[in-house]
Amino acid sequence: QVQLQESGPGLVKPSETLSLTCTVSGGSINPYFWGWIRQPPGKGLEWLGYMYYSGGSNYNPSLRSRLTISLDIPKNQFSLKLSSVTAADTAKYYCARGSGLYYYHYHIDVWGKGTTVTVSS
Amino acid sequence: QSLLTQPPSVSAAPGQKVTISCSGISSNTGNNYVSWYQQLPGAAPRLLISENNKRPSGIPDRFSGSKSGTSATLDITGLQTADEANYYCATWDGGPIGGLYVFGPGTRVTVL
């Protein structure tokens, strides 16, 4: 059974880069989408983006200029980098596996437990 | 503000049925498949329904989904106290390039 585990600093200073890693265990990187979702305290879910196992990617337009998602297939890991963070980026960050034959089938079938990131000086 | 509309809350007694609606427009719910996620308090979301009406293995058949036009619906029958959670619909908005996956604002289910 596939499991995902997020790791990274829980506190990031404003204007710095938030970096998180997700380790995939119990399954293969292909042929899935690997991405990130976040949830600010007390609020709903926001999709950040994904990278497809073969290299294509798709990002939330509102974050595209600050966001990079990358895959490290030999390590069975993928990562998120969000630059120039502000307090508005404080949230619980979930890594996730997406499935679907085409983009309109896309759904998230495996979630990590999430990691809380606070942006504060 | 979400592109999708869900009622903030629904409630019913144990054993009863609740229906959660998810309304969008042609660029999202109208032309793409809808998924539903359950988020229990303090837990990560989990997939309940994909592609409008498909249940992953392990999801009880008390949960069912449907879609008509630009609206989707999640039904929960035989309501249990364990079903108290937030429920989110989600779908793709736009095309394969430049589109994004959008979540509804969530619906809180309360078992009376």
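Taken together, the values in this text are just the output of simple stated rules run on the coordinates, not laboratory data. No experiment lies behind these values; they were computed from the predicted model shown. With ideal geometry, Cβ positions are generated from the backbone for all residues, glycine too; neighbour counts draw on all protein chains shown.
Some observations on this one:
- In the set A:TYR50, A:TYR93, only one residue is in a strand (DSSP E or B), of a type outside the set (S, T, N, Q) and either more than 17 Å from B:GLY98 (Cα to Cα) or more than 9 Å from chain B (Cβ to nearest Cβ) (or both); that residue is A:TYR93.
- Against the conditions (1) closer than 24 Å to B:ASN52 by Cβ; (2) outside any strand (DSSP E or B); (3) under 14 Å from the mean Cα position of the chain (by Cα), A:ARG64 satisfies every one except (1).
- Positions within region A:6-36 being over 18 Å from A:LYS81 (Cβ atoms) and exposed (fewer than 15 other Cβ atoms within 10 Å of the Cβ), in sequence order: A:SER25, A:GLY26, A:GLY27, A:SER28, A:ASN30, A:PRO31
- In region B:8-22, the qualifying residues are those that are of a type in the set (Gly, Ala, Ser), out of contact with any Cys (no Cβ under 9 Å at 6 or more places or on another chain) and away from every other protein chain (no Cβ under 14 Å), and the one that is surrounded by the most Cβ atoms within 10 Å (Cβ to Cβ) is B:ALA12.
- Subset of region B:99-108 [within 7 Å of chain A (Cβ to nearest Cβ) and among the small types (Gly, Ala, Ser)]: B:GLY99, B:GLY106
- Residue that is farthest from the other protein chains (Cβ to nearest Cβ), among those in region B:42-58 that are part of a strand (DSSP E or B), under 13 Å from B:TYR88 (Cα atoms) and not hydroxyl-bearing (Ser, Thr, Tyr): B:LEU48
- Some residue of region A:71-86 being in a loop (DSSP other than H, G, I, E, B) and exposed (fewer than 12 other Cβ atoms within 10 Å of the Cβ): yes
- Contacts under 6 angstrom Cβ, first residue in region B:46-64 being among the charged types (D, E, K, R), partner surrounded by 18 or more Cβ atoms within 10 Å (Cβ to Cβ) and not in a strand (DSSP E or B), 6 or more apart: B:GLU51/B:TYR33
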